[in-house]
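Note sheet for the following structure.
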Amino acid sequence: MNDEALIQGPERDPADEAALANALTQFNAGLGALADEVARHIAGQKPVIRAVISALLAGGHVLLEGPPGLGKTLLGRTLAGATGLSFDRVQCTPDLMPADVTGTNVLVPDANGHQQLVFRPGPIFAQIVLVDEINRAVPRTQSAMLEGMQEGTVTIGTRTHQLPEPFLVLATQNPHGDEGTYRLPEAQRDRFMVQVRVEQPPAGVLAQVIDRTTGGEGSTARVTRRLADDFIPKASSLASQVYVAGHLQRWVADLIVACDRSSKAPLAPVADMLELCPGPRAGQAMLAMARVQALAQGRTAIGRRHLKAVAEACLCHRMQCSPEALVRGLDERMLVRQLLEGVSVPEPQVQA
């Protein structure tokens, strides 16, 4: 079934169509300029760069997984410089405390010599927060970020403090099983809109990286701001208006239900190979990311291909293979591909 031809979205008058076309042009010009500027400093990671920018525009957070030295930390700094957003960094260690991330109340003498409590914000109050090696922090410190990531606020004592907007947590994670790592709890992983794997680049790209970092021209290049102050809120608002047909929303729900063995519609063998299944936030993440994907391709309505393009990034970290699946050589990405093939798209309802 070719659902692309059936998804048109609501009818608009010519003036609205012209305004929308202009907004799409501005969106893609800004998106392209931003991606190019970040790619100028980080060689060979264009899919990762696009995924991170999409999550920023979709209002989500990103978990980057991969070995050290591939530019994950540089990505956060460069993105902040190119967007003009404030930036801070947290280096996770086993002795990192929650207050080191969120901030705390401290006693400060006033002009009269009296002590008063003053809130000193932590690094989480930046617009882009790089949490480096998040799985080296103990679970108590990891969970200190949950409220901020979900609600956009931090509560210290009896006071709730609002975080800035936009707000992006960009966390790097060493592969699970490395010495000194703690597996992220299910609730923490679920707060990340996407997980993106940063792969080792080929030799040609690696040579560029070495040249840039050992005295080449790129090692001293400065990040150039590429966006106007209002680009990100405008782009996020435009993405939220992208049309999603009802049958595609139902397909996303069917994908999630098909993973659960306790549901009435599990998909064997996928459900039998999973110990942990995605929940409602997975569906929300797929739709949010697919909306940005559609805009980037000049469309104002989501198609099935947009959802399939973001499925692995949105679902894999919310799933966990069973021991039987691991014995068979399966991983979460393979099971997501089986899921996409095994769950059919409902027929669209054509209104008379």
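Every number here is computed from the coordinates shown, using simple stated rules; none is lab data. Keep in mind that this is a model prediction, so the values were computed, not measured. Quick reminder, even Gly has a Cβ in these numbers, built from the backbone with ideal geometry, and neighbours come from all protein chains shown.
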Exercise. Which value in nm describes the separation of the simple spin-label points at residue 309 and residue 116, placed 7 Å from the Cα toward the beta carbon?
Worked result: 5.3
Exercise. So what does log10 I(q)/I(0) come out to for segment 117-206 at q = 0.13, 0.20, 0.26 Å⁻¹, using the Debye formula with one equal point on every Cα and no solvent?
Worked result: -0.51, -1.03, -1.44
Problem set entry | Cut-off 12 Å (backbone N to label point 7 Å along Cα→Cβ of residue 322), residues of segment 252-267 | 260-262, 267
Exercise. How far is it, in nm, from the label point at residue 206 to the one at residue 331 when both lie 7 Å from their Cα along the line to the Cβ?
Worked result: 1.8
Exercise. Among 253, 276, 325, which residue has its Cα positioned farthest towards the positive end of the charge dipole of segment 226-352, with +1 placed on the Cβ of Lys and Arg, -1 on the Cβ of Asp and Glu, and the dipole taken about the Cα centre?
Worked result: 253
Seminar exercise, completed: Phi angles of segment 191-207, converted by Karplus (6.51 cos²θ - 1.76 cosθ + 1.60, θ = phi - 60°) into ³J(HN,Hα) in whole Hz with x for Gly and Pro, give 6, 8, 4, 9, 10, 10, 8, 9, 8, 5, x, x, 4, x, 5, 4, 5
Problem set entry | Principal semi-axes in Å for segment 47-204 [√(5λ), Cα gyration tensor, largest first] | 30, 18, 14
Seminar exercise, completed: Computed for the chain: size of charge dipole around the Cα centre, +1 on C-beta of each Lys and Arg, -1 on C-beta of each Asp and Glu, debye to nearest 20, value 240
For this session: On a 0 to 90° scale, report how tilted helix 46-58 is relative to the longest principal axis of the chain, with both axes built from alpha carbons and the result rounded to the nearest 10.
Result: 90
For this session: With a bin width of 5 angstrom, please list the P(r) values of segment 83-126 as percents of all Cα-Cα pairs, from the 0 bin to the one holding the largest distance.
Result: 5, 19, 19, 17, 14, 13, 8, 4, 0
For this session: Give the relative contact order (percent, whole number) for segment 65-125; include only Cα pairs under 8 Å separated by 6+ residues.
Result: 26
For this session: Taking every Cα atom in the chain, find the radius of gyration and the maximum pairwise distance Dmax, and write them in Å.
Result: 21.9, 77
Exercise. What is the Cα coordinate range of segment 233-352 on the first, second and third principal axes, sorted by size from largest, in whole angstrom?
Worked result: 46, 36, 20
Problem set entry | Separation in nanometres of the label points that stand 7 Å from Cα toward Cβ, at residue 36 and residue 275 | 4.8
Seminar exercise, completed: The local net charge around residue 106, scoring Lys/Arg +1 and Asp/Glu -1 for residues other than residue 106 whose Cβ lies under 15 Å from its Cβ, equals 0
Seminar exercise, completed: Taking Cα atoms, the helix 231-240 axis meets the longest principal axis of the chain at an angle in degrees (rounded to 10) of 30
Exercise. So what is the relative contact order for the chain, in percent, with contacts set as C-alpha pairs under 8 Å and at least six apart?
Worked result: 22
